Amino acid sequence: MMAYTVETGCIKQISVFLENKAGTLNEMLGVISGAGVNLLALCIADTTDFGIVRLIVAGHDVDKTLAALRAAGLIARETSIICLRVSHEPGAFARVLDLLADAGISIEYAYSFCRSTLEDALLIVRPSNLDLSLEVLGSNDVPLVTQRMVDEF
Amino acid sequence: MIYQPEIECMDRESMRELQGKRLVETVAWEYANVPLYRARMDEAGVKPQDIKGIDDLSKLPFTEKTDLRDEFPFGLLAAPRSEIVRIQGSSGTTGHPIVAGYTRGDVAVWQQMVARAMSAAGVTKDDIVQVAYGYGLFTGGLGAHQGATELGAMVIPMSAGNTQRQLMMMKELGTTVLCCTPSYAIYLGETAREMGLKPGVDLHLKSGCFGAEPWTEEMRQKLESLFEFDALDIYGLTEIAGPGVAFECMEKHGMHVNEDHVIVEVIDPKTGEQLPAGTPGELVFTTITKKGQPMIRYRTHDICTLDDSPCACGRSAIRMSRITGRTDDMLVIRGVNVFPSQIEGVLVGIEGVSPHYQLEVDRVNSTDTLAVNVELTEDMFSDTVSSVEAVRRKIAEQIKSVVGISAKINLVPPKSIPRSEGKAKRVIDKRNLH
Ligand SMILES: [Zn+2]
């Protein structure tokens, strides 16, 4: 059995608010590349009125990225997120989600994070209850990607 | 403390009767002595004898600020010039001055109104009242001075400015009550803190009467924490008397109007119809004891709400809210009067929401639409769509409940609402109604 905490079991994610207007995503990407930051993963959630872009960057790039985004007049926030490591086989992800659902935890959103160097699939998950999720995943020995692993990608 | 309980706590019916009687006298006096108002009544087909009581008030034509400018300086005097003992005035923001003439009786009435306000703030003959309003044509200084004198308090007529000296006198003389503008009071309080003057040790203020400019509940909290006292609002305008037209009691929940001297109405600024208590509209005053320069149905263009429910302090006088805006900014959307300041009030009241907003009014398929653009702040933002939607829903629901119409809320990036000279352009009306 593993014991995860937010420090050991989570990775950092940056969320950015974007207006639903042509060119805003491009502009944001320009700000990030202008800061010399390499994006490791990206996911866009959009509604008819606005979008939220979620980004994963290396840990040492988080502050630099936030500062660049804010300096460009964008609303950006850092959050802690869970990154599951799931084997490439049918039903593997579903089995993990079942564990969370059994504990009454719902998933706000999820997206995948592919690294060719790894055998397993990486899935980023935003559960409704972070602490409880870490406890459930830890007691079931579900492997998680740590911030240190992300930084070494 | 209630200075004149027999008047301030009079039952509403008797007060209306008294107001009616005094209105009849005032209209007859004004008609006989002020050519402009006589012409206006004639034009409206109203004779003094048509005014028999308070219910006839709505038959009377309005007086406007422009009348005071056009008739400057003495065209609106109803009493002979020899009876005028005082002139007060204001420069006005447009640079055209206006003045008001007071008879000896008018000065006494004004003084009594301020005395009631100060008494509500706990002032007695044992108090030391520091007046840091400007003395001069502006009504603040002399108004506060006379009111405190009527109560027999010791007055320190400092006038405005010279902050170090104000604080030195406050400490050395043991001032117990401060009268000035709320913004200057905050400046005094902050300077006192910087100088190391502590409430309860070096300073002994128990209350303050602050007016002559609009202020907010946040400013009250700030003032009360700076001085550890009760900060009360006092309202007035030169055209009607000066400070003391209305004042807060210790309940701090609306300002009691001195209704035996002034009739207050709230009207629909578009139609001129009287509105019931509780509905925001334009504040209108009629003086009913003034002889020098009476004002009948003077339109302030200020937005306000009246409250005629009983007050816990025991006074029966109707209460007016803080001034929440100007009619000049009013929009009519789907037949509902909407004041941008109401929407600002909603936004300021929601934690984490930025007060930077812009209203976009349009007409789509012959129906008016209102969109409120609100600048997003980091406090309002999280990584999930549902939480951002929840913020939008909350803003929309509160606007609906306060203003009475549905609005579409658009969250926009910070600093994206254009600001001209620091002030945002609040309203974009695309309807071409004119
Ligand atoms: Zn009261």
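The values are calculated or read from the model by the stated rules, or taken from the named source; none is laboratory data. Since the model is a prediction, treat every value here as computed from it, not as a measurement. Glycine also receives a Cβ, built like all others from the backbone with ideal geometry; neighbour counts cover every protein chain displayed. The protein model used for the area step is the full one, side chains on, heavy atoms only, and it has no ligands, DNA or RNA in it. Shrake-Rupley method; radii C 1.70, N 1.55, O 1.52, S 1.80 Å.
Only one entry in A:Ile32, A:Ile105 is more than 12 Å from chain B (Cβ to nearest Cβ), outside any strand (DSSP E or B) and touching a Pro at 6+ places or on another chain (Cβ under 6 Å), namely A:Ile105.
Of the residues A:Val6, A:Val53, only one is free of Cβ contacts under 8 Å to residues at least 60 places away in the same chain, more than 9 Å from chain B (Cβ to nearest Cβ) and either charged (D, E, K, R) or open to solvent by less than 50 Å² (accessible area, probe 1.4 Å) (or both); which?
Only one candidate qualifies: A:Val53.
If the condition is being basic (Lys, Arg), on the phi < 0 side of the Ramachandran plot and either within 16 Å of the ligand (Cβ to nearest atom) or in contact with a strand residue (DSSP E or B) (Cβ under 6 Å, 6 or more places away or on another chain) (or both), then the stretch B:283-334 contributes B:Lys291, B:Arg299, B:Arg315, B:Arg319, B:Arg322, B:Arg326.
Looking only at the stretch B:215-256, how many residues end up being among the small types (Gly, Ala, Ser) and in a strand (DSSP E or B)? So the count comes out to 5. Filter the stretch B:180-204 down to the residues that are over 21 Å from the mean Cα position of the chain (by Cα) and polar (S, T, N, Q) and list them by number. Residue satisfying the conditions is B:Thr191 alone.
Assigned by TED's automatic domain parsing to the domain that holds B:Leu232 and either at negative phi or modelled with pLDDT of 85 or more (or both): does that describe B:Arg363? Spelling it out, it is not the case that B:Arg363 is assigned by TED's automatic domain parsing to the domain that holds B:Leu232 and either at negative phi or modelled with pLDDT of 85 or more (or both). B:Lys252 meets all of the listed conditions (1) under 20 Å from B:Arg12 (Cβ atoms); (2) within 16 Å of the ligand (Cβ to nearest atom); (3) open to solvent by 30 Å² or more (accessible area, probe 1.4 Å) but one, namely (1).
The residues listed here are B:Lys430, B:Lys425; of these, the one that is closer than 29 Å to B:His301 by Cα, open to solvent by 10 Å² or more (accessible area, probe 1.4 Å), away from chain A (no Cβ under 14 Å) and modelled with pLDDT under 85 is B:Lys425.
Looking only at the stretch B:257-264, decide whether some residue is open to solvent by 10 Å² or more (accessible area, probe 1.4 Å), more than 15 Å from B:Thr139 (Cβ to Cβ) and assigned to a strand (DSSP E or B). Yes, the stretch B:257-264 contains a residue that is open to solvent by 10 Å² or more (accessible area, probe 1.4 Å), more than 15 Å from B:Thr139 (Cβ to Cβ) and assigned to a strand (DSSP E or B). Looking at the stretch B:376-398, can you tell me whether even one residue there is farther than 30 Å from A:Arg70 by Cβ and either at pLDDT below 90 or within 14 Å of chain A (Cβ to nearest Cβ) (or both)? No, the stretch B:376-398 has no match at all.
This table checks each residue for (1) in the same structural domain as B:Pro243 (by TED's automatic domain parsing); (2) open to solvent by 60 Å² or more (accessible area, probe 1.4 Å); (3) modelled with pLDDT under 95.
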position	(1), (2), (3)
B:Ala117	yes, no, no
B:Gly122	yes, no, no
B:Val129	yes, no, no
B:Gly141	yes, no, no
B:Thr149	yes, yes, no
B:Met158	yes, no, no
B:Thr163	yes, no, yes
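Within the stretch B:362-375, not a single residue is loosely packed, with under 15 Cβ neighbours inside 10 Å, within 17 Å of A:Leu74 (Cβ to Cβ) and not hydroxyl-bearing (Ser, Thr, Tyr).
Taking the conditions (1) within 12 Å of chain A (Cβ to nearest Cβ); (2) open to solvent by 30 Å² or more (accessible area, probe 1.4 Å); (3) out of contact with any strand residue (DSSP E or B) (no Cβ under 7 Å at 6 or more places or on another chain) in turn, B:Gly345 satisfies each one other than (1). Step by step: first the residues of the stretch B:205-218, then only those that are open to solvent by 50 Å² or more (accessible area, probe 1.4 Å) and more than 27 Å from B:Ile87 (Cα to Cα), then the one that is farthest from the chain's Cα centre (by Cα). Which residue is that? Among those residues, the one meeting the criterion is B:Lys206.
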